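What follows is a set of notes on a single structure, which appears directly below.
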Number of protein chains: 2
Amino acid sequence: MAETAAPGLSGTPRTRLNRLREEGRAERSDLQAVLRAGFIAHLGVPAAAGVMVVPTVYGFDDRTVYVHGSVASQSLAAGAEYCLTVTIVDGLVLARSVFEHSVNYRCAMIYAVPRIVDDADEKLAGLRLVSEHLAPGQWDYVRPPSRKELAATRLLALSLDEASVKISDAGPSDGDSPDAALGLWAGQLPLDTRWLPPVPDAGIPAGMAVPAHIAGRAGQPAHPA
Amino acid sequence: MAETAAPGLSGTPRTRLNRLREEGRAERSDLQAVLRAGFIAHLGVPAAAGVMVVPTVYGFDDRTVYVHGSVASQSLAAGAEYCLTVTIVDGLVLARSVFEHSVNYRCAMIYAVPRIVDDADEKLAGLRLVSEHLAPGQWDYVRPPSRKELAATRLLALSLDEASVKISDAGPSDGDSPDAALGLWAGQLPLDTRWLPPVPDAGIPAGMAVPAHIAGRAGQPAHPA
């Protein structure tokens, strides 16, 4: 699948794959594809007694993923490594036995010591990546962040250097097992995630048309392949 | 909202709410509602250098949530606390400024020292909870786990005693701010997640009808309110 000369993802022990039915995608382009397809991540934050897993929006470029730092940075311990996981669920795999049931999904796990973004230019650029990933076209349509708002926003940067990507997209694997003789139905139950038509705020001018960059998303898949 | 006499969720410092626009739901029934509506969780596992965030299926009853332990239990450190987070994304909130943009979601975060389920009866009951939560009706339709399969399956139990629930389900909050004078469109872009018609495995008997407990899910919302 690799069409890029960028180096493959690192293969440290914990990013090696050890689950059944999952196919490791060792190329950087696969990591970018999962990040492109998702828009919510779960950030694992080391805490005193254990961990905290916080859902967050994100944006990214070739080398870095940016996340809002609010909760996460409260407990930012110097040098502690975070894990950022993006998971897209594509469906259920219904097999002929309980044991063979599974889920089809695309998942990227990124391990990095987060960096608080202090540089004003990088902060603005990082926030723009987050905003445009979630809501393309909004950055130039709405009022940009004020100096005060920028100061009140914490942004974390995580390097994409160490990551693993797992993709599971097959049907049940017991079609040629003894369980096939049970004569049971087996297959996949795919999941479809789409944007619905936008719902205007009560306060907007009467009869105002929905801008094309928003209206055009209605009916579109939220996690394209 | 509470219709139960069960105690409210604990209010330890970290489960107190400190984000804007989010409404804390302090009742146990709200936790159960989020767990019912989701089916994938992100488990935060304490690791030597930091943390690991692993997507996993789950099942639950009034007091306990069960998750597959495969990856997670490899590094099960005695007494370390895990965090299990279930997030359902309901849509985007498109405001009149970048700063006011947000996401509508339902989220439950559970903190617990996990327990490896050894008791055979509890393991079977816990696996049934997981299976029936993901695929209702399959447990009694397909071949149940063999003794060998049960032994090969690790199941973790996490108490629901300490948890927080956050629900954000409002439109943009800047309708009565100075930004309203900008005359921009603002509103919500809701997300719709539904099961598609089941796709039969190539190996099943030709012309076999899809069982009602599977066929009936097509078109149904995957994360009902």
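Every read-out reported here was derived from the displayed coordinates using simple, explicitly stated rules and does not represent laboratory data. Bear in mind the structure is a predicted one, so any value in this text is a computation, not a measurement. Glycine gets a Cβ as well: all are built from the backbone with ideal geometry, and neighbour counts include every protein chain shown.
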>> Given points 7 Å out from each Cα along the Cα-Cβ axis, report the B:LEU150 to A:ALA215 separation in nanometres with one decimal.
In response: 6.1
>> Which aspartates and glutamates, if any, have their Cα less than 18 Å from the Cα of A:LYS148, not counting same-chain residues under 8 positions apart?
In response: A:ASP118, A:ASP119, A:ASP121, A:GLU122, B:GLU100, B:ASP174, B:ASP179
> Along Cα→Cβ at 7 Å, what distances in nm separate the A:GLY183 label point from those on the other copies, shortest first?
Replying inline: 7.2
> Label B:GLU122 and A:ALA225 with points 7 Å out from Cα along Cα→Cβ: what is the distance between them in nm?
Replying inline: 4.4
> Quick one: label points 7 angstrom along Cα→Cβ at B:GLY79, distances to the other copies in nm, smallest first?
Replying inline: 2.3
>> Once you place label points 7 Å from the Cα toward the Cβ at A:MET208 and B:ARG115, how far apart are they in nm?
In response: 5.5
>> Label position 7 Å from Cα toward Cβ: report the copy-to-copy distances for B:HIS213 in nm, one decimal, ordered from shortest.
In response: 4.8
>> Averaged across A:192-200, how many Cβ atoms of other chains sit within 10 Å of each residue's Cβ atom?
In response: 6
>> Taking the number of other C-beta atoms within 10 Å as the exposure measure, put B:MET109, A:MET52 in order starting with the fewest.
In response: A:MET52, B:MET109
